Structures are given as structure tokens and as C-alpha cells.
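Comments concern the structure below.
The values are calculated or read from the model by the stated rules, or taken from the named source; none is laboratory data. Only a predicted model underlies this, so the values are computations on that prediction, with no experimental measurement involved. Backbone-built Cβ (ideal geometry, glycine too); neighbour counts: all protein chains shown. The area values use the complete protein model at the heavy-atom level, side chains included, leaving out ligands, DNA and RNA. Shrake-Rupley method; radii C 1.70, N 1.55, O 1.52, S 1.80 Å.
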Amino acid sequence: MSSPEPTQDTDTALRGATVAIAGDWHANTSSAIRCLRRLHSLGVREVFQLGDFGIWPGQKGTEYLDALQEVLDELGMRLVVTPGNHEDYHQISQLSAQNRDHHDIHADFEALGAVMWARERIALLPRGHRFTRSGWSFVSLGGAPSVDFEHRITGQSWWIEEMITGDDVATVVAGGTADVMFTHDAPEPWHGTDMVAKIIQTPLGRSAEVLAYATEGRRRLDEAFQAVKPRVLAHGHYHVKDSKLVQIEGCDHQTLVVATECDQMPDANLGLLHLPDEQDQAEGAEPRVEWVPLPPVTTGVDRSQLGVWPEKPVWVWETEDFLRVFDEGRSAHWNQLIAEAADEPQGAWLGRMVEALEQSANARAREFMVSRAGGLLPDPPEDRRDH
């Protein structure tokens with residue numbers, strides 16, 4: 001186990017721990033609050049969010065942070081963020097790192113050290129920051145390249161500081177190994193999950209400049225990953241739920257890599273990392289992830305977190321429902337349709353989905369579905385194949 005820094009908990013005996021993680025929230029207030037209340041119902045008090053959290057400029061960003069702070073106060077919880085790529089890094093740069101471990105509202109939590117505070121109960125972790133939980137050592141390395149930066153406005157919806165720098169990597173490498181690593185981006189495909197590898201290897205018409213930018217970000221993350229040699233790496237960014245054991249060359253253990261879904265997918269955004277104690281490890285226990293679905297949305301609850309996803313089972317959708325998801329939805333929605341198709345490959349609704357895909361004005365949705373769904377999509381009827 002790596003040695004703790006002076007600001008960390010000095011009790012380094014490895015004890016069993018359960019750590020809550022959450023994927024991208026994108027400043028989706030209602031979804032984020034649902035996540036916090038769900039975890040609180042399970043006895044969780046501290047949540048580690050894995051980037052694209054929602055440090056956004058303007059009134060929307062302010063209202064989002066204020067709303068979360070109010071709920072965290074009500075529940076007695078704390079939120080610890082590894083920033084992503086879609087964050088206002090100018091706003092983050094205005095925050096100075098402060099150690100608030102001895103403040104009244106933080107006194108009952110394990111030490112976090114000097115971090116940035118977006119609100120009294122919302123901490124942002126600097127790149128390379130280290131801390132411990134139950135004797136397990138942690139390191140955070142946020143940031144990632146935005147593959148849509150060509151369509152964003154510098155200083156308003158895109159910040160060049162999103163990219164992990166060589167100095168960030170050097171800081172992490174100098175700190176040595178750690179048991180758990182929190183990131184936003186994923187390492188290289190051979191060190192990641194199968195679904196993330198497939199996304200990386202499907203360029204979807206991205207320009208050479210964009211692909212080179214994304215590749216360099218992963219290369220830097222992977223360099224840090226190989227130096228840290230964690231037992232667990234958890235990340236967001238790719239909007240898929242997946243996990244896999246991978247082997248780092250020269251490492252005497254395998255690493256559990258966990259990818260989390262985004263706010264639009266309430267069954268795959270939250271996870272509990274179960275970290276065994278030394279005795280359990282000696283008996284062969286390994287870290288594992290338990291996914292935490294959100295309860296079904298009921299009448300009278302704000303459904304905005306579901307976006308364009310119709311509020312009925314997919315097998316009763318009409319062509320118009322699928323068309324709206326293709327025209328207005330995001331990759332998370334399309335991934336969910338692929339998962340539904342894999343679960344029910346003979347479903348009659350698949351024909352309606354293909355019909356909508358052919359009608360959709362969104363070329364990216366068509367390319368996305370065809371490239372990733374493979375043989376799951378049925379052929380269109382004969383009278384439409386040549387149109």
C-alpha cells in the first residue's frame with residue numbers, strides 16, 4: 001500500500017470499505033438530487049463523482065450548485081468531484097485549495113486534505129490529489145479531451161485547461177502507487193473495458209485533429225495509470241456501464257476498471273465499490289462494483305432527467321417515439337436502445353426502430369447505431385431498401 005501524505009488519515013491499516021461513485025451529471029439538477037437521495041437511503045454519506053459534474057458558467061451553473069448544496073445540507077452528505085472535460089475551468093481556477101477537515105460539518109468525515117470548494121459540501125479534487133479511506137489510498141486525476149471541441153466556444157462552452165498536462169502526469173507518477181484511482185477519461189483501450197474500447201475504435205467521422213487530441217489525452221492518462229498500478233480505476237466520460245479486470249505489465253495484481261453511465265441512464269450512473277479488508281484479501285476476495293439503480297420515476301416527480309426518452313416501455317414505442325430519440329437524443333440514449341435490442345433480438349419493435357432510423361435527419365445517430373449495433377438491427381423491408 002502507498003504511504004499517506006501528512007494531510008491524510010494516519011490510520012493506514014487496510015479495512016473493509018464501501019465507496020460510492022457516480023458518473024457524469026452534466027448539471028442535471030433533478031437527476032443529481034435523485035442520485036444523492038438514493039445513496040442516502042443506503043446509508044451513504046460521501047459520494048465520489050467522476051467528472052462532467054456541472055461546474056458551468058452563468059445562472060444555470062449557480063442554481064445547480066446551490067440546489068445540490070441545499071440537499072447535501074439536508075442529508076448531512078458530502079460530494080467529492082474529480083472534474084471532467086465539460087467544466088468551467090476558469091471558474092475552477094478562481095478557487096484556492098483549502099483544508100477544511102476540522103470544520104464542524106466535515107469533522108465526521110475521513111480527512112480529505114487541501115482541496116477546492118465549489119460550495120461548503122462540494123469539493124473539487126486537484127489533479128494528482130491523494131487521500132485515504134479505511135486505509136485504502138486514493139489518487140484523483142481529472143480532465144479529458146472534448147471530442148466536440150470544434151463545435152464549442154472557447155471560454156463559454158469549452159476550456160483548453162480540460163486536457164491532462166505532462167506536469168499533471170508527473171505529479172501523479174511522483175506520488176507512487178495507490179489502491180484506487182478516480183479519473184474522468186479512460187486509459188488506452190487495452191487497459192479499459194470492452195465497451196469503452198469499442199467506442200474508442202469507432203471514430204464516427206471525427207476529424208484527424210480531434211482523434212489525435214483524444215488519443216493524446218488517453219496516452220497521458222494511461223501513463224499515470226501504469227505508474228499508480230491501482231487495484232481499482234473508476235471513470236466516466238464514455239457514457240457506458242461496464243467493468244473488466246485488466247493486467248498492467250509488471251504488476252502483481254489485476255486492476256478492476258469500472259466505466260459509469262451518465263445522468264440520462266438512471267440504472268447505470270451509480271455504483272458502490274466494495275473494497276475488502278486485509279483478511280478477506282488474504283482469503284482471495286477482490287474489489288468489486290455493485291450497481292445501484294434509481295427507483296422508477298413515479299407520477300408527480302420531475303421527469304426532466306429522462307430527456308427525450310419516452311415514459312413507456314420501449315417495446316410499445318411507435319415509430320415517432322424512436323424518431324424523436326434519434327433526432328434529439330444523445331449517445332447515452334442510443335446505447336440504451338442497443339442494450340434493449342441485445343436483450344430482445346426478436347422484438348417486433350425493432351422494425352419500428354429501423355424505420356425511424358432511416359427517417360432520422362441525424363446522420364450521427366444512424367452512423368452510431370449501425371457501427372455499434374452490428375447484426376442486432378434487422379434489414380429494412382424490401383420496398384424501402386433502395387430508397
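Structure data summary
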{"item": "Nearest 10 degrees, 0 to 90: helix 363-373 Cα axis against the chain principal axis", "result": "80"}
{"item": "Helix 208-228 axis, angle to the chain major axis (alpha carbon atoms, nearest 10°)", "result": "40"}
{"item": "Selection from P295, L141, Q156, by position along the positive dipole direction of the chain (Cβ)", "result": "Q156"}
{"item": "Pairwise Lys count, the chain - Cα closer than 23 Å, eight or more residues apart or different chains", "result": "5"}
{"item": "Length added when fully stretched, Q279-T165, from 0.36 nm per residue minus Cα-Cα", "result": "37.2 nm"}
{"item": "Computed magnitude of the charge dipole of the chain (debye, nearest 20; Cβ of K, R +1, Cβ of D, E -1)", "result": "140"}
{"item": "In degrees, nearest ten, helix 58-75 long axis to first principal axis of the chain (Cα)", "result": "60"}
{"item": "Extension gain (nm, one decimal) between E209 and E358, 0.36 nm per residue minus Cα-Cα", "result": "50.7 nm"}
{"item": "The stretch 92-139 - percent of accessible surface contributed by carbon and sulfur, probe 1.4 Å", "result": "46"}
{"item": "Order by protection proxy (mean Cβ within 10 Å, highest first), peptides 179-189, 362-372", "result": "179-189, 362-372"}
{"item": "Surface accessible to a 1.4 Å probe, per residue, for the residues of the chain, Å²", "result": "43"}
